[in-house]
1. Which ranges mark the helices (runs of 4 or more DSSP H) fully within segment 287-341 that have 1 or more residues being open to solvent by 50 Å² or more (accessible area, probe 1.4 Å) and closer than 29 Å to residue 235 by Cβ?
2. Give me a count of the residues in segment 108-120 that are in contact with a helix residue (DSSP H, G or I) (Cβ under 9 Å, 6 or more places away or on another chain) and either within 16 Å of the ligand (Cβ to nearest atom) or open to solvent by 10 Å² or more (accessible area, probe 1.4 Å) (or both).
3. For segment 205-231, give me each residue that is within 28 Å of residue 277 (Cα to Cα), surrounded by fewer than 24 Cβ atoms within 10 Å (Cβ to Cβ) and either away from the ligand (no atom under 15 Å from the Cβ) or without any contact (Cβ under 8 Å) to a residue 60 or more places away in the chain (or both).
4. Yes or no: residue 94 more than 16 Å from the ligand (Cβ to nearest atom) and either in contact with a Gly (Cβ under 6 Å, 6 or more places away or on another chain) or not acidic (Asp, Glu) (or both)?
5. Just one of 54, 66 is within 16 Å of the ligand (Cβ to nearest atom), assigned to a helix (DSSP H, G or I) and touching a residue at least 24 places away in the same chain (Cβ under 8 Å); which is it?
6. Scan segment 142-163 and tell me whether some residue there is among the β-branched types (Val, Ile, Thr), away from the ligand (no atom under 16 Å from the Cβ) and in contact with a strand residue (DSSP E or B) (Cβ under 7 Å, 6 or more places away or on another chain).
7. Residue 414 fails exactly one of the following numbered conditions: (1) open to solvent by less than 90 Å² (accessible area, probe 1.4 Å); (2) of a type in the set (D, E, K, R); (3) in contact with a Leu (Cβ under 9 Å, 6 or more places away or on another chain). What is the number of that condition?
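The values are calculated or read from the model by the stated rules, or taken from the named source; none is laboratory data. Keep in mind that this is a model prediction, so the values were computed, not measured. Positions of Cβ are generated from backbone atoms using ideal geometry, with glycine treated the same way; all protein chains shown enter the neighbour counts. Accessible surface is based on the protein model in full, side chains and every heavy atom, while ligands, DNA and RNA are left aside. Shrake-Rupley method; radii C 1.70, N 1.55, O 1.52, S 1.80 Å.
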Amino acid sequence: MSANPVIFNNTVLRDGHQSLAATRMTTEQMLPALELLDNIGFGCLETWGGATIDAGLRFLKEFPFDRLDAIRAKTKSKHMMLLRGQNIVQYAHFPDDIVNAFITTTANHGMDIFRIFDALNDPRNMGTAIKAAKAAGKEAQGVICYTSSPVHNTESFIKLGQDLEDLGCGSLCLKDMAGLVPPRQAYDIIKGLKDSVKIPIVLHTHETAGIGATTYYAGIEAGVDSIDTSIIPFANGTGQPDTARMLALLENHPRAPKYDLDALQALREHFTKVYEELSDYTSFANERVDADALKYQVPGGMLSNFRNQLKEQGMEDKFEDVFKEIPVVRKALGWIPLVTPTSQIVGVQAMLNVKFGRWKNFSPQATDIALGYYGRTPAPVDTEVQRIAATKSGKDPITCRPADLKDPGMDALRAALAAKDYPTNDEHCVIQAMFPQELEVYYKSKDAPAAPKPTKTAPTDRESIDLGSGPRHYGINLDGKRYAVTVDES
Ligand code: CO
């Protein structure tokens, strides 16, 4: 076993508050911690991407690139962002010119590492982003999304790692978004990757089910180069294991790194205050460690969102039925991993199957997965399910890379911005591409007084997908304020 110290990356500024406080930490709440965070010497700071761009615009009246600039100006550590490949930070595929513009402009704002994943683990959906990051002189980190299914095994994950190295990635991340990978399997995958690729490997997990820190320990024994940790109270539970806790776990280990415990204590004190300020968005359900997620093999956030959505549909008593339907839907749709956005798509389709009968009613997103519009599924889609989806939607199945069907979009975006008298630079174009309504709300409301706070049970990120029938959920804007409304068929 190599004795080089394992490197810790820090996620408190992105995954930490996305997992535990609905992505509501403001730039202002981050700024006082930056000097301490920067001086500790983490491998990198995860500062952007995931839901932070959406949430910043929608709830915090922050233009996303302004946060990046503000943090960049006060830190010399490497910055890392989470990117959903061809989806950028949205839920649909974008044309290559928009993906390129997003990455180039983000690199110009000082992003160092682009952590690039695809919900189907289809490398074709990651290639444009990988090339763009490299062309900008930055690191493309290819992601292997961990999931358990009859077609996923240690060998298939290692093979994907090799493919991503061949595509030009400078590092790899084994991303266990739900905290479900058994420590022994993490060991085997990391060991296999270390034996078959030359680039550094990061292990990312969550403490949701209580095995995250042990998984890191196993990964470190297998030779992983770095792990992601956060700062309590934006750590543990549905977040990453806490940094100080992970250090304690590695005491006397030959690969234990040295980080300043006094500085970590000072950070903990700062973030404890911030956590209290965000108490409208934190919850006991996210803080506690619960092996329930292992039973259902779904991300922890999906469980809590799902309980809310079933309640809204008057289907609380169908919880077990719907969860039994999840593997049925996954199998039919080619055993896709459960990560944004596929976790929501599979969940909604399971709900529809229980409510209306199996495959009587398809969500538009499940239709697109069945017909190849999200990319290549890990196993073939069930032919009968694909036939029904094609008949119901009138769409033909495809086998090409989905973005090959997209025309370039930057010119139209610039024209749309100009028509509204908004700035037309690339920063605004890429935000307009992904969040046109939110950008409008941002411009209309940034000088208006704060909007009313949502209730604790309201879906926080865009996790509720239109069910096709039954009550529909809309966001409306009145005088610059945003309201959530539910419209039912009556
Ligand atoms: Co995560």
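1. Numbers: elements: 292-296, 300-312, 319-332.
The qualifying helices (runs of 4 or more DSSP H) are 292-296, 300-312.
2. So the answer is 9.
3. 210, 213
4. Numbers: more than 16 Å from the ligand (Cβ to nearest atom): yes; either in contact with a Gly (Cβ under 6 Å, 6 or more places away or on another chain) or not acidic (Asp, Glu) (or both): yes.
Criteria met by residue 94.
5. After ruling out the rest, the residue left standing is 54.
6. Looking for residues that are among the β-branched types (Val, Ile, Thr), away from the ligand (no atom under 16 Å from the Cβ) and in contact with a strand residue (DSSP E or B) (Cβ under 7 Å, 6 or more places away or on another chain), one finds none in segment 142-163, hence no.
7. Only one criterion in (1) open to solvent by less than 90 Å² (accessible area, probe 1.4 Å); (2) of a type in the set (D, E, K, R); (3) in contact with a Leu (Cβ under 9 Å, 6 or more places away or on another chain) is unmet by residue 414, namely (3).
Residue-wise test of (1) at pLDDT 95 or above; (2) among the hydrophobic types (A, V, I, L, M, F, W, C); (3) assigned to a helix (DSSP H, G or I); (4) under 25 Å from residue 3 (Cβ atoms).
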| position | (1), (2), (3), (4) |
| --- | --- |
| 164 | yes, yes, yes, no |
| 186 | yes, yes, yes, yes |
| 194 | yes, no, yes, yes |
| 206 | yes, no, no, no |
| 229 | yes, no, no, yes |
| 233 | yes, no, no, no |
| 258 | yes, no, no, yes |
| 267 | yes, yes, yes, no |
